[in-house]
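The numbers here are math on the coordinates, done by the rules we state, and not lab data. If you're wondering where the values come from, they're calculated on a predicted model, not measured in any experiment. Here the Cβ positions follow ideal geometry from the backbone for every residue, glycine too, while neighbour counts run over all protein chains shown.
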Amino acid sequence: MTEPEWLLPEDVEDLQAIAIEKNGGLTGGLLKPDLLESALARPQNEYAYAGEDDIFKLAAIYAEGIAQNHAFADANKRTAFLAATVFLLDNGYELQKATGSNHADMMVNLTNKEITREDAARYFQKHARKTG
């Protein structure tokens, strides 16, 4: 597998701004840059040191880290989901549109540790299709 296209902090900051603009929430943006950097480093470390190359697991690691680290003033779960979605898209997969609140429910469950990142990876895989 070729190395995935990774997310940059400024990309995720832009996604958070989009989430706030689209659905509302507290302004204030990035409050804890170190926590965002930590969340973004997790999938790269798993790839480099643990040999994880499953794109859906890497997306789930992004989603989990961004949502649980709470680096932003608001919209952490929405930002985490958007980041995982963009990561998958950048790496050849498109998530299907939500049916009801299924995407949001998955993110709440992941953030609250009611499902594992492996569960989230299976969710992403089930709801994605290869592009191109």
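Tabulated results
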{"quantity": "Tensor-based shape of region 53-122 (alpha-carbon gyration tensor, a/c under 1.5 rounded, otherwise prolate or oblate)", "calculated": "rounded"}
{"quantity": "Which of VAL86, VAL12 has the fewest Cβ neighbours within 10 Å, and the rest in rising order", "calculated": "VAL86, VAL12"}
{"quantity": "Pair TRP6, LYS22: separation of 7 Å Cα→Cβ label points (nm)", "calculated": "2.5"}
{"quantity": "Highest-MSF residue in the chain out of LEU26, LEU35, LEU88 [GNM, Cα springs under 10 Å]", "calculated": "LEU26"}
{"quantity": "Sparse-neighbourhood loop sites, GluC sites (Glu not before Pro) in region 61-132 - DSSP loop, at most 13 other Cβ within 10 angstrom", "calculated": "GLU114"}
{"quantity": "Over 24 Å (Cα to Cα) - which of LYS22/LYS57; LYS32/LYS130; LYS57/LYS130; LYS22/LYS77; LYS32/LYS126 fall in this group", "calculated": "LYS22/LYS57; LYS32/LYS130; LYS32/LYS126"}
{"quantity": "Equivalent-ellipsoid semi-axes of the chain, from the Cα gyration tensor, Å, largest first", "calculated": "21, 17, 14"}
{"quantity": "Theoretical ellipticity at 222 nm over the chain - DSSP helices of four or more residues, -39500 (n - 2.57) apiece, nearest 500", "calculated": "-20000 deg cm²/dmol"}
{"quantity": "Cα gyration tensor category, rounded, prolate or oblate, for region 17-59 with a/c compared to 1.5", "calculated": "oblate"}
{"quantity": "J(HN,Hα) series, region 73-80, from Karplus relation 6.51 cos²θ - 1.76 cosθ + 1.60, nearest Hz, glycine and proline x", "calculated": "5, 7, 6, 5, 5, 5, 5, 4"}
{"quantity": "Loop trypsin sites (Lys or Arg not before Pro), region 14-110 (other Cβ atoms within 10 Å of the site Cβ: 12 or fewer; DSSP)", "calculated": "LYS97"}
